[in-house]
Each structure stands twice: as C-alpha cells, then as structure tokens.
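Working notes, structure below.
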Amino acid sequence: MYERSRELFDQSVRLIPGGVNSPVRAFGAVGGTPVFIRSGSGPRVTDEDGREYVDYVGSWGPLILGHAHPDVLQAVTSTAQRGLSFGAPTALELEMAQLLTQSLPSIEQVRLVSSGTEAVMSALRLARGFTGRSVIVKFEGCYHGHSDFLLVKAGSGALTFGNPTSAGVPAELTAHTLVLDYNDPQQVADAFERFGDSIAAVVVEPVAGNMNFVRPSQAFVDELRTRCTRHGAVLIFDEVMTGFRVGARGAQGVFGITPDLTTLGKVIGGGMPVGAFGGRRDIMQKVAPVGPVYQAGTLSGNPVAVAAGLATLRHVLRPGFFDELSRTTATLVQGLAQRARRANVPFSAASLGGMFGLFFRAAPPANFREVMQSDREGFNRFFHGMLERGVYLAPSAYEAGFVSSAHGEREIAQTFAAADEVFARMGRG
Ligand code: PMP
C-alpha cells in the first residue's frame, strides 16, 4: 500500500542520513517507513502512492488554516513576483511587528528570525546579556530547538546541572542549564532559593507540546512569574508551538501571565520559515545594533515567508476563529476518548485551542515521568491502524497533534470511523 514511498525512502537513506531532514519524520518511534507526501489541500494530504489522509500533523503546527489556503498562496505568489529577498528592511516586516505587538501585549519590541531554534537561542543569549548571568532553567520534556545548551537532560539528582542528550555537545555547554520537573512549583522555589542570583532566565513551553501534550497548572506558571520577578531573572515563554495555536493571545493569554520575552515560530510563518523573539522594550534594546547582544540573519524577515505568515494571522485573528477551532478539536478528542472507553482501551485525551494530546494511559499526564508511563506499544498500534485507514497522526507517542480550521465534520467522522475499528481490535488484545 506504500510502495512508492518505500522506493523513495530506500533511495533517500543512501543520500540523506536516515532518509529524512529532521529525525522524527523517520518513523523511528513507531516502526515502518515514512509516507512521502506529494501534496496537501485543506485538512488532507496525499502521499506518493496517491492515498489520501486526514492530516493531524499540519507540518508540526504551522498550518492552522490547512494546506494550500488560497489567501496564503495568493500572498506568497504576489510577494514572490516582486522579488524573493533583499537583505534590507521591508514594509511587510513592520506590518508583522505591528500585528505581533498588538496581539501579544507582553511584546513591546520584536525581532524576526527564520526558525524556532533561532528564536529561542537568541532570546537566551539576550537574557544572559541583559542580566549578566549564566544559568538557564528549563523543564524535563520541553523542547526548545536544537541549540547546544538546550540539548540537555536532568542531572543525577534534583537541582543538579544537566547532561548533554546529543553527541557533539561538550558537557561544559550544558553546565549552566538546570533541568527541573514540569508542573512542580516547589522545585522552582528551591532552585531560586539556591541559585537565584545566578539565574539569567527560565524558559518554558507554557503548554508542553514536545512530550505529547501537557497543560501547566496555574500554580506552576504563577510560581515562575513570581520567582523570576523577585530574583531579577528573565521569564521566557517559548510559544513557538502555542503562539496563535491555543488562542489569539497564546498560552500567556490563556493563563494570564506576562512573560518578559516570548519566542514564536510555526503559525506566524503559515508554513514558511519565520520565527520571532520579543518582549520588554528595556530587554529588547540590548539587541544589536542598538545594544551589545549580537544577533543577525541573511534571510531574517524574508518577505515571502512573512507574507505567508501575515495572510495566516489575518484569518486567525478574526473574532470567533478560536471558538470554532477549539470546538472542533474538543469534539475530536472527546469522541476518541468515548470510543476507546467503549472498546475497553486505557486511553485519555486533552486539548486546548487547536492543539491536542492522545494518551494511552488512564489520565492525562502532568510531567515527563507520567508521559513516559503511557503505553507506547498501544500508541504504535493505534498509529499504524489509523494510517492504514487514511488518518495521519504524528509518528510518535510523544508529540502533540494539530487541528486546522479546514477540518470539519467530514474529517472528524472519518477519524471516528477509523478509530472505532482500530480500538475494537486493540480492545480484543
Ligand atoms: N520551541 C518549541 C516549543 C518547538 O515546538 C519547536 C519545534 N517543534 C522549537 C522551539 C524549534 O523550532 P524549529 O523546529 O522551527 O527550529
């Protein structure tokens, strides 16, 4: 059923490490070979064998309007006709800055980059430059891109500094990164009591989407804000995934927290490479050329990419957009949970805005340890069963899923019909 994809994959592995240009695409976690996508339209993608799928990956989050939205295509083509890149300021960048600062009141100034990795890396350099301190606090299971000092896991005990999770990262580079448990305000308090004067920044996914889907407790995010303020550390909300995805004001709007800096990506590029970091004016004024913290990019604020992002955001910011998207997403996850229950499969699910998590465990997880306790084998069977029936989920039990505004009753019904069959088989063992 996946003949052409298999052929392409066999050829790709000879020329591209693992056959892919980003690791999770390789199906390593779920087994089998990846499907090669030929095209996408609205809520659906078509693979190289001509099979169509309802898509819940959406390019890992950016495609909140679905694939090939006519307004986004129009913005891209008309902008491209005027030139692809200038390396000089454009009015589009100003428009994006206006839109971002108006939508997210915590952002007084903003700088555009080309990826989420770049956004977070730059924000952390800025936080260190602003505070003159070195220590970064992050949380186990949160992903912030692949810059060296963030490829780190917890040390051997609570409040010990982290160890690299990738070869090629010298231990010295992660020696200033403290890794704590997500949703544990006491650990945050303890870390600040002990290292408060050295902590430059706390960086957090304000809804974690890189260990499946984990909501923060209000006490947790409140503690982050209180401690950073008290100790003069910079609170960075990494909203690369959640920005314009869980609500028009991001997770910071949902939880009522004003971070000092915010990082963005994914939706703000509408499927093209755009990232951003921004926040308090006094901090942003430390960025070159006005300040001493260096940061640059040949293609930063690329006009074609920014045009795609602007066209996307104009839709996303319309009144009622998130009400409808949240409703569709909630219908999806509630319907799946109901069907699993009927089939006696241990399962739970959760969502916020257009982002969701499916868990092969009895209740939604609160931290990395609980995520790891889910039934991975169960997820893998579910994943392949759904794929065979034309539903494309993220190929890993540890990734969030995404619904777009193009997903409607037809797609949900198709997903439920597939899930009924797959859960029924799983329930029989
Ligand atoms: N931060 C978060 C929260 C992310 O989800 C991601 C990507 N999944 C990144 C940073 C890195 O973004 P990119 O892949 O665009 O470099």
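Based solely on its DSSP helices, what 222 nm [θ] is calculated for the chain when runs of n ≥ 4 H residues each add -39,500 (n - 2.57) and the sum is averaged over all residues, nearest 500 deg cm²/dmol? All intermediate terms of the calculation are to be shown ahead of the outcome.
Details: 14 runs with 165 residues, N = 429.
Mean residue ellipticity, 222 nm, calculated: -12000 deg cm²/dmol.
Sorted from fewest to most neighbouring beta carbons within 10 Å, what does the list Phe402, Phe237, Phe416 look like? All intermediate terms of the calculation are to be shown ahead of the outcome.
On the way: Phe402 27, Phe237 32, Phe416 16.
Taking fewest neighbouring Cβ atoms as first place, the list is Phe416, Phe402, Phe237.
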Requested in this report: Would you kindly derive the ³J(HN,Hα) couplings of the range 389-405 from the backbone phi angles with the Karplus curve 6.51 cos²θ - 1.76 cosθ + 1.60 (θ = phi - 60°), listing them in order in whole Hz, with x for Gly and Pro?
Outcome: 9, x, 10, 9, 9, 4, x, 6, 6, 10, 10, 6, x, 9, 10, 10, 5
**Report entry** Pair Ala288, Glu377: separation of 7 Å Cα→Cβ label points (nm)
**Finding:** 5.4 nm
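Once you sort the root eigenvalues of the Cα gyration tensor of the range 174-326 as a ≥ b ≥ c, which label holds: rounded (a/c under 1.5), prolate (a/b larger than b/c) or oblate (the other case)? The partial results should precede the final answer.
Values: a/c = 2.17, a/b = 1.29, b/c = 1.67.
Cα axes put the range 174-326 in the oblate bin.
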Query raised in the report: Counting DSSP beta bridges in the chain, what percent are antiparallel, to the nearest 5?
Result: 60 percent
Report task. Could you tell me, in Å, what Rg and Dmax come out for the Cα atoms of the chain? Result -> 21.3, 65
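Would you mind ranking His176, His144, His67 so that the residue whose beta carbon has the fewest other beta carbons within 10 Å leads the list? Could you put the intermediate results ahead of the total?
Numbers: His176 18, His144 26, His67 22.
Final ranking by Cβ density, sparse to dense: His176, His67, His144.
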Query raised in the report: In what order do Thr177, Thr263 fall by count of nearby beta-carbon atoms within 10 Å, going from fewest to most?
Result: Thr177, Thr263
**Report entry** the chain: relative contact order as a whole-number percent, Cα under 8 Å and 6+ apart
**Finding:** 21 percent
Query raised in the report: Given Cα pairs under 8 Å that are at least 6 residues apart, what percent is the relative contact order of the range 193-282?
Result: 24 percent
Report summary line: For the range 420-427, Karplus-derived ³J(HN,Hα) couplings (6.51, -1.76, 1.60; θ = phi - 60°; whole Hz; x for glycine and proline) come out as 4, 5, 5, 4, 4, 5, 5, x
Query - Relative contact order (percent, whole number), the range 269-349, Cα cutoff 8 Å, 6+ residue spacing - result: 29 percent
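Among 46-53, 390-397, how do they line up by average Cβ neighbours within 10 Å per residue, starting with the highest?
Values: 46-53: 16.9, 390-397: 20.9.
The packing order, highest mean first, is 390-397, 46-53.
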Query raised in the report: So in the range 70-316, what percent of DSSP beta bridges are antiparallel if you round to the nearest 5?
Result: 45 percent
Requested in this report: Name the lysines eligible as straight-distance cross-link partners of Lys153: C-alpha to C-alpha under 26 Å, and not fewer than 8 places from it in the same chain.
Outcome: Lys138, Lys266
Query - Calculated over the range 70-316: convex hull of Cα atoms, volume per residue (Å³) - result: 120 Å³
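Each reported figure results from applying straightforward, stated rules to the coordinates on display, with no laboratory input. Please read all numbers here as calculations on a predicted model, not as lab measurements. Using ideal geometry, Cβ is built from the backbone for each residue, glycine included, and neighbour counts are taken over all protein chains shown.
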